[in-house]
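Notes follow once the structure below has been shown.
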Amino acid sequence: MPRIIAIDYGTKRTGLAVTDPLRLIASGLTTVSTSELMPFLKQYFQQESVDLLLLGQPKRHDGSFSDVEQEIAVFAEKLAEAFPDLEIKRMDERFTSKMAFQAMIDGGLSKKQRQNKSLIDQVSATIILQEYLEYHL
C-alpha cells in the first residue's frame, strides 16, 4: 500500500512525516530546507510509493489563515503540477508546534534538544499525519 506524507511547510524549514506501508503508524521523516523541498520529494517518490500528501494549513485562533498561507497555496499548486498523480489534502495545523513541544517534554528530551527547531517541525508534521490517520482512515 502506498505511504502518506505530511508536510509542515515553513518559510525556512519544512518538517516531513510518513506512514509505514500499512498506514498504521506516523513517523517523523526529516526536516529539509524549504528551498530543497521539491528536489527532496522528487527523489523520495522515486524510492517509495506515495499516493497522498497532507499539507498543513496554518490558521489563527479565530480560524482565519495565517500570513504564510499564501506561500503554501503557491507551493500546493507547484506540487499539483509536479506530481499530478498524487492526491493533495490540506489539514488544519493549529497548535501542532505547541503540541510538538509538549510531546518533546513528555518524551524526556533535554532543554537543548527541545530548542532544535528542525525537530519541532518534524514532530509537528508527525502530529498532522497522526491526526489524519486517527480521524480519516
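The values are calculated or read from the model by the stated rules, or taken from the named source; none is laboratory data. Fair warning: this is a prediction, and the values are worked out from it, not measured in the lab. Positions of Cβ are generated from backbone atoms using ideal geometry, with glycine treated the same way; all protein chains shown enter the neighbour counts.
Part of a loop (DSSP other than H, G, I, E, B) and either at pLDDT below 90 or touching a Ser or Thr at 6+ places or on another chain (Cβ under 6 Å) (or both), is that true of D121?
Details: part of a loop (DSSP other than H, G, I, E, B): no; either at pLDDT below 90 or touching a Ser or Thr at 6+ places or on another chain (Cβ under 6 Å) (or both): yes.
So D121 does not fit the description; no.
Residue count for region 6-27, restricted to those that are outside any strand (DSSP E or B), within 12 Å of D121 (Cα to Cα) and basic (K, R): 1. Selection within region 1-44: residues that are within 20 Å of A80 (Cα to Cα), free of Cβ contacts under 8 Å to residues at least 40 places away in the same chain and of a type in the set (A, V, I, L, M, F, W, C). The member of this set that is surrounded by the fewest Cβ atoms within 10 Å (Cβ to Cβ) is F40. Counting only residues that are at pLDDT below 95, out of contact with any Lys or Arg (no Cβ under 9 Å at 6 or more places or on another chain) and in a strand (DSSP E or B), region 28-62 holds 1 of them.
Pull up region 66-77, narrow it to residues that are in a helix (DSSP H, G or I) and surrounded by 12 or more Cβ atoms within 10 Å (Cβ to Cβ), then point me to the one that is modelled with the lowest pLDDT. So, considering only residues that are in a helix (DSSP H, G or I) and surrounded by 12 or more Cβ atoms within 10 Å (Cβ to Cβ), the one modelled with the lowest pLDDT is E69.
Look at Q130 and say whether it is in a helix (DSSP H, G or I), out of contact with any Leu (no Cβ under 9 Å at 6 or more places or on another chain), at pLDDT 90 or above and over 20 Å from R13 (Cα atoms). Steps first, please.
Working: in a helix (DSSP H, G or I): yes; out of contact with any Leu (no Cβ under 9 Å at 6 or more places or on another chain): yes; at pLDDT 90 or above: no; over 20 Å from R13 (Cα atoms): yes.
No, not satisfied.
Examine region 83-92 for a residue that is over 18 Å from T14 (Cβ atoms), charged (D, E, K, R) and modelled with pLDDT under 90, and state whether such a residue exists. No, that holds for no residue.
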